[in-house]
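The values are calculated or read from the model by the stated rules, or taken from the named source; none is laboratory data. Computed from a predicted model, the values in this text were never measured in an experiment. Heads up, the Cβs are rebuilt from the backbone with ideal geometry, glycines too, and the neighbour counts pull from every protein chain shown.
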Amino acid sequence: MNVTLRLATESDIPLIADMARRIWLDYYPAVVSVEQVEYMLERFYSATALSEQMHDGQAFYLPEATKLGAAGYLSVSKTVPGSYFMHKFYIDNGLRGRGIGQEALRLLGQVLPEMNELRLNVNRKNYQSINFYFKTGFVIESCMDIPIGNGYEMNDFRMVLHLKRSAL
């Protein structure tokens, strides 16, 4: 499957918000409560929140697969020279396991040639994603509990990929 990585614009916000709702409501109630999913969708994926994130320096990308269109979304921002943080990385539920995520990471390395390392947070109960990240060369750097409001917190691993040592 041929995959490209397109830089998203504000006109893509409705598409990203729609994908987020579908992905999160299908996948995440097994990881966190439905109430927390709804809270996080409103807090991080409303049109206003996505627009603010874009304006605050997060670059959103859409992995697009031939004949399928947008297969997911991701967002990154530079933390220090050579180092990036991936805030979001999601592949549509029915398209997982087809190599799209791995290809999206490889293409991200091409789009950001100065990137030497990439960090992200992943829920400690999200075993499918953790295993994907291990497979692509990420390692666990730390464990953290991050309060996000309304009595909720994200119970995450911080993972890091050192691009010079990875299989990407």
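Structure notes:
- Selection of the range 8-52 for residues being without any contact (Cβ under 8 Å) to a residue 60 or more places away in the chain and outside any helix (DSSP H, G or I) yields T9, S33, S46.
- Filtered by the rule that a residue be among the β-branched types (V, I, T) and in a loop (DSSP other than H, G, I, E, B), the range 131-140 gives a lone residue, T136.
- Pairs, first surrounded by fewer than 13 Cβ atoms within 10 Å (Cβ to Cβ) in the range 135-153, second part of a loop (DSSP other than H, G, I, E, B) and of a type in the set (D, E, K, R), C-beta under 9 Å, six or more apart: C143/R124
- Exactly one residue out of D56, D18, D26, D12 is out of contact with any strand residue (DSSP E or B) (no Cβ under 6 Å at 6 or more places or on another chain), of a type outside the set (G, A, S) and buried (at least 18 other Cβ atoms within 10 Å of the Cβ), and it is D12.
- Residue that is surrounded by the fewest Cβ atoms within 10 Å (Cβ to Cβ) [pool: residues in the range 83-99 that are over 12 Å from the mean Cα position of the chain (by Cα) and at pLDDT 95 or above]: S83
- Pick from the range 66-81, criterion surrounded by fewer than 13 Cβ atoms within 10 Å (Cβ to Cβ) and under 24 Å from Q53 (Cα atoms), ranking: nearest to the chain's Cα centre (by Cα): T79
- The number of residues in the range 124-153 that are under 26 Å from I100 (Cα atoms) and among the aliphatic types (A, V, I, L, M) comes to 3.
One line per residue, one yes/no per condition, for (1) under 21 Å from Y27 (Cα atoms); (2) in a helix (DSSP H, G or I):
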| position | (1), (2) |
| --- | --- |
| Q110 | no, yes |
| E114 | no, no |
| L118 | no, no |
| V122 | yes, no |
| S129 | yes, yes |
| S142 | no, no |
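- Residue in the range 120-132 that is free of Cβ contacts under 8 Å to residues at least 60 places away in the same chain, in contact with a strand residue (DSSP E or B) (Cβ under 7 Å, 6 or more places away or on another chain), over 21 Å from D92 (Cα atoms) and surrounded by 13 or more Cβ atoms within 10 Å (Cβ to Cβ) present: no
- Any hit, the range 72-85, residues being over 24 Å from V37 (Cβ atoms), among the β-branched types (V, I, T) and part of a strand (DSSP E or B): yes
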